[in-house]
Structure formats: C-alpha cells, structure tokens
Amino acid sequence: MKPKVILGIIAIVAFTSLLMFNLGESISTYTDFETAKEMGSAHVPGTWDNTQEYGFSKETMQFTFYMKDESGNSHKVIYPRPKPNNFEEADRLVVIGEMRDDVFYANEMLMKCPSKYNNADPSEYVKASES
C-alpha cells in the first residue's frame, strides 16, 4: 500500500476515535446528588425544596436555591443567571453541572412546568374546533 493511503486510514481511525470519545463524554444520564459527586458533569433531576431559602444575589450575580433529587437528598444549587420567570411553578427541575463539596454548581437548568391541557375538559376541544 502507498504511504498516503496508510496515513489517510490512520487519520480517519484517529478522528473517529476522538469523535466517539467526546460524544461519550457529552452524553450524560440522569443521576442523583450522591453519584454526581463522583462525576465531572451530571444531569440531576428533582424538585425545588421550597422549605429552604432561595434568591438572587446582585453582588455575585447568582441564583441560589435548594433542590431535592429523586432519592430525597436536598442540596444547595448555585445557578449563574437570574431566577427563571416560571421557577416557582415548575413541577420538575433538571440541573446540569457539577458537585463541589456539598454544593451543586449548575451551568444550565431545565424546567418542566405543568401543562394547561392536563386537566382540560375534552369537550372544550370540540367546541373550539367547531367555531
């Protein structure tokens, strides 16, 4: 075989290996706070713990709150942005970031808010479509 062909095959294998490694690092499964302590980056689903204090600090420009994960563990979460508008109405939160000591530092936060269609009367859909 020609050296250019061999070099090309090696480059393709190296690029594919690097791509698969990076893709594997970016795909994260949901976990709890205890498992997140051992991971570099984690997605932790849970609910807002409204029994503890929360708020936005203008000095640090961070929103701080407590969240209970699906195992029932409550931890402080620091989010580097203002409080989202519908934070209090959210049924479920997913924070994406890393645990340092006993504090979760979230880079992103996803919220699942209750749907206005869950408790709606199905007959209303017919009325709306008829008019």
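Taken together, the values in this text are just the output of simple stated rules run on the coordinates, not laboratory data. Predicted, not measured: the structure shown is a model, and the values here were computed from it. Every residue, glycine among them, receives a Cβ derived from its backbone with ideal geometry; neighbour counts consider all protein chains shown.
A few remarks follow.
- Near the amide H of GLN62, within less than 5 Å, lie the amide hydrogens of SER57, all on another chain or at least 5 residues away, with H placed in the peptide plane.
- Relative compactness, the stretch 31-112, computed as alpha-carbon Rg over 2.2 N^0.38 Å: 0.98
- Sites matching trypsin sites (Lys or Arg not before Pro) across the stretch 54-114 that sit in DSSP coil, with at most 14 neighbouring C-beta atoms within 10 Å: LYS58
- Within the stretch 61-79, backbone nitrogen closer than 16 Å to the virtual label 7 Å beyond the Cα of ASN107 toward Cβ: 78-79
- Estimated inter-spin distance, GLU59 and GLU38, nm [label 7 Å along Cα→Cβ]: 3.7 nm
- Percent of alpha-carbon pairs separated by more than 12 Å within the stretch 62-108: 63 percent
- Karplus (6.51, -1.76, 1.60) ³J(HN,Hα), θ = phi - 60°, over the stretch 67-72, in Hz, Gly and Pro reported as x: 9, 9, 7, 5, 8, x
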